[in-house]
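Right, one structure below, let's go through it.
The values are calculated or read from the model by the stated rules, or taken from the named source; none is laboratory data. Because the structure is a prediction, the values reported are computed rather than measured. Don't worry about glycine lacking a Cβ; one is built from the backbone with ideal geometry, like all the others, and counts go over all protein chains shown. All accessible areas refer to the heavy atoms of the entire protein, side chains included, with ligands and DNA or RNA removed. Shrake-Rupley method; radii C 1.70, N 1.55, O 1.52, S 1.80 Å.
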Amino acid sequence: MIVSARRSRPASRQCILILYKTMHILLYGSLSFFCALLVHFSVWKIYLPRRQLDFLLKFFLLFLVFCIIVLKFTPKFSLFGIDAPQNIFDYLSFCLFYISAMLSYIISYSALEADSPSMVIVLKVEKAGRAGIAIEELERDMTNETLLLPRIKDLERDGLAVLKNNRYRITSKGRCFISLFIFFRRFLGESKGG
């Protein structure tokens, strides 16, 4: 029993060493993403772009390039004793982490940008207090003007859909955007949705 305990110590040290070596992806990826969020919030206080999703995507990607340049050309940079990414594998992992966080935020942002039906309902029920809200009142307030039309206007504003001959049609940009969601739904074994 003593022999097996001694043999497991080097393995646990090796595991800790591997975790420590990969910690730089989490640290620098998170730090870069949160810095991008701070700059994004600051810009939004001063200027709210017309096409917010376009701006966010371009901004976050440019910020990623900026972070890579800063990390690459800062010799032997270390934070909390953890070295910055060093090789191509580190930078690819860093980019994957950052882009995953970026896309998660942008998808969440698009849901927060307009009032979601669920959020509108929850806020109305919360506003009603302990007395609650009658179903008839909810049905009266949940109209196309409050739920559907603002989303259609957002799609038009972001260039994802266009109104031609009194019909909405998806643009090539919209197809590209929606193909991402279709891919992930299929990947997860779900139907197309809609």
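Tabulated data for the structure shown
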read-out: Residue check for SER32: loosely packed, with under 10 Cβ neighbours inside 10 Å, modelled with pLDDT of 65 or more and among the polar types (S, T, N, Q); value: no
read-out: Members of region 55-79 that are under 17 Å from the mean Cα position of the chain (by Cα) and either charged (D, E, K, R) or surrounded by 13 or more Cβ atoms within 10 Å (Cβ to Cβ) (or both); value: PHE55, LEU56, LEU57, LYS58, PHE59, PHE60, LEU61, PHE63, LEU64
read-out: Cβ-Cβ under 6 Å pairs, at least 6 apart or on other chains, region 140-164 side touching a residue at least 24 places away in the same chain (Cβ under 8 Å) and closer than 16 Å to PRO117 by Cα, far side open to solvent by less than 50 Å² (accessible area, probe 1.4 Å) and of a type in the set (Gly, Ala, Ser); value: PRO150/ALA114; ARG151/ALA114; ASP154/ALA114
read-out: Count of residues meeting criterion [part of a helix (DSSP H, G or I) and open to solvent by 70 Å² or more (accessible area, probe 1.4 Å)] in region 42-54; value: 2
read-out: Selection count where residues are open to solvent by less than 50 Å² (accessible area, probe 1.4 Å) and out of contact with any helix residue (DSSP H, G or I) (no Cβ under 8 Å at 6 or more places or on another chain), scope region 158-179; value: 1
read-out: Residues of region 159-189 that turn out to be on the phi < 0 side of the Ramachandran plot and either assigned to a loop (DSSP other than H, G, I, E, B) or acidic (Asp, Glu) (or both), as a count; value: 3
read-out: Test: residue in region 11-26 that is loosely packed, with under 11 Cβ neighbours inside 10 Å and either modelled with pLDDT of 80 or more or among the charged types (D, E, K, R) (or both); value: yes
